[in-house]
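Working notes for the structure below.
The values are calculated or read from the model by the stated rules, or taken from the named source; none is laboratory data. This is a predicted model, so every value here is computed, not measured. We place every Cβ from the backbone using ideal geometry, glycine too, and count neighbours over all the protein chains shown.
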């Protein structure tokens, strides 16, 4: 399935921008990993330095599991992007 937006949840299975035309309020970034090579890399900002969040499901028993990071309070970002989603699906939850 291609990258899509479902209301307040954005689904990514490949790289893609996160609404660079206006700020969005992000409350959670999650990865649904399907095997031990699953990896999600998310960037806030462009150029250098950009803030990079990257996490993997490298544990041997993590298949078909969620890995997530919550932001309390939510943060506002533009020029954000999903850089990679490997062996899984990435999700952005908007506040």
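Failed condition for residue 49, given (1) modelled with pLDDT under 85; (2) over 11 Å from residue 88 (Cβ atoms); (3) surrounded by 12 or more Cβ atoms within 10 Å (Cβ to Cβ), with all others met?
Going through (1) modelled with pLDDT under 85; (2) over 11 Å from residue 88 (Cβ atoms); (3) surrounded by 12 or more Cβ atoms within 10 Å (Cβ to Cβ) one by one, residue 49 breaks only (3).
Do we have any residue at all in the stretch 25-32 that's part of a strand (DSSP E or B) and either at pLDDT below 75 or in contact with a helix residue (DSSP H, G or I) (Cβ under 8 Å, 6 or more places away or on another chain) (or both)?
Taking every residue of the stretch 25-32 in turn, none turns out to be part of a strand (DSSP E or B) and either at pLDDT below 75 or in contact with a helix residue (DSSP H, G or I) (Cβ under 8 Å, 6 or more places away or on another chain) (or both).
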